[in-house]
Ligand code: ISE
């Protein structure tokens with residue numbers, strides 16, 4: 001039997017997931033789609049056999065045949081859609097950020113605790129990337145000793161028109177926040193943000209690039225260069241430095257051409273290309289678990305912890321002062 005999915009939000013990521021469910025992931029089909037843009041959602045539904053189109057997410061979630069919900073609307077719209085899905089006890093895959101602020105994430109955790117089970121997975125798809133998995137295995141095996149630093153670079157060719165200075169932290173660096181927590185198995189305890197004079201290639205008023213420093217409970221330091229209008233392509237690199245070695249991922253494994261005195265390789269232009277396999281694997285794993293009425297990926301606690309780091313990051317960015325991260329005690333459901 002195939003899992004009936006409602007897709008909430010048919011922008012760039014929603015449309016990408018709809019394509020993915022049709023082509024690369026078996027055992028699932030899209031039965032309902034929702035988007036505030038009525039024309040866009042009708043166009044997406046028209047390309048799907050028998051899927052209903054809605055402008056109201058709640059309607060799509062309660063449409064006939066919906067057994068699981070994939071949320072790809074903008075961050076501020078996530079909480080409401082998640083709570084509707086939880087009311088119906090449906091498994092959820094929610095794009096990052098779970099919620100833009102920790103208060104919303106706490107409400108999601110409370111709803112799950114009332115149900116007594118975890119049904120929400122957050123779309124931190126780097127955990128499903130082959131290079132990240134190898135780095136995680138190496139660190140877990142003690143291959144480079146106790147980790148001291150993660151040096152991270154996160155660059156986008158350009159940012160979409162709706163991108164704000166806050167989103168560099170809440171929507172982009174949030175990936176490094178989750179990756180660091182997962183790779184090191186440690187919570188992040190404090191955040192500092194430095195912002196150089198913005199690149200003249202960045203849209204007017206956008207604080208781009210920025211340097212974000214994360215301190216972890218185990219005494220490691222993570223530095224993240226976020227640069228969302230670098231112009232030349234999409235790059236996500238990470239070098240881990242430990243007491244007995246270092247390991248680097250994201251250097252690009254594609255063909256290198258030497259010709260006419262130059263050596264050159266291709267740079268992916270976009271995250272849907274660089275992380276295509278990770279998105280596929282994330283969705284396959286989620287569909288397999290959701291078919292059994294459960295989730296097994298990064299959960300609402302991970303979404304909450306990331307939101308708490310983002311909140312500290314925004315305070316640090318505005319004040320220029322190193323800001324501690326405040327976390328509630330981890331509820332038993334998430335241990
Ligand atoms: C976007 O929302 C993502 O999730 C991408 O992975 C990230 O590189 C980009 O900066 C974000 O805007």
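For the range 208-231, a residue qualifies if it is within 14 Å of the ligand (Cβ to nearest atom) and over 16 Å from residue 160 (Cβ atoms), and the qualifying residues are 209, 210, 212, 224, 225. Within the range 152-166, restricting attention to residues that are near the ligand (Cβ under 10 Å from one of its atoms) and surrounded by 23 or more Cβ atoms within 10 Å (Cβ to Cβ), the residue that is farthest from the chain's Cα centre (by Cα) is 156. Restricting 249, 221 to residues that are in contact (Cβ under 8 Å) with a residue 12 or more places away in the chain and out of contact with any helix residue (DSSP H, G or I) (no Cβ under 8 Å at 6 or more places or on another chain) narrows the list to 221.
Taken as a whole, the condition of being modelled with pLDDT of 95 or more and outside the structural domain of residue 27 (by TED's automatic domain parsing) does not apply to residue 95. Look at (1) surrounded by fewer than 16 Cβ atoms within 10 Å (Cβ to Cβ); (2) more than 16 Å from the ligand (Cβ to nearest atom) and you find that residue 270 fails only one, number (2). Against the criterion of being part of a helix (DSSP H, G or I), away from the ligand (no atom under 16 Å from the Cβ) and in contact (Cβ under 8 Å) with a residue 40 or more places away in the chain, residue 13 does not qualify. Looking across the range 82-126, the residues that are farther than 26 Å from residue 329 by Cβ and within 17 Å of the chain's Cα centre (by Cα) come down to 93, 95, 125, 126. Inspection of the range 50-57 finds a residue satisfying the criterion of being buried (at least 23 other Cβ atoms within 10 Å of the Cβ), touching a helix residue (DSSP H, G or I) at 6+ places or on another chain (Cβ under 8 Å) and farther than 26 Å from residue 171 by Cβ. Looking at the range 226-242, is at least one residue farther than 26 Å from residue 300 by Cα, free of Cβ contacts under 8 Å to residues at least 60 places away in the same chain and surrounded by fewer than 18 Cβ atoms within 10 Å (Cβ to Cβ)? No: zero hits.
Just to be sure before I move on: is residue 98 outside any loop (DSSP other than H, G, I, E, B), closer than 18 Å to residue 303 by Cβ and within 16 Å of the ligand (Cβ to nearest atom) in the structure I sent? Answer is no for this residue.
Residue by residue through the range 273-307, note down the ones that are over 24 Å from residue 99 (Cβ atoms) and away from the ligand (no atom under 16 Å from the Cβ). 284, 288, 291, 292, listed by residue number. So, residue 64, is that one surrounded by 23 or more Cβ atoms within 10 Å (Cβ to Cβ) and touching a residue at least 12 places away in the same chain (Cβ under 8 Å) or not? Against the criterion (surrounded by 23 or more Cβ atoms within 10 Å (Cβ to Cβ) and touching a residue at least 12 places away in the same chain (Cβ under 8 Å)), residue 64 does not qualify. Checked against the criterion of being closer than 20 Å to residue 273 by Cα and more than 13 Å from the ligand (Cβ to nearest atom), the candidates 131, 187 yield just one match: 131.
The values are calculated or read from the model by the stated rules, or taken from the named source; none is laboratory data. Everything numeric in this text was worked out from a predicted model, so none of it was measured. All Cβ positions, even for glycine, are placed from backbone atoms using ideal geometry, and neighbour counts span all protein chains on display.
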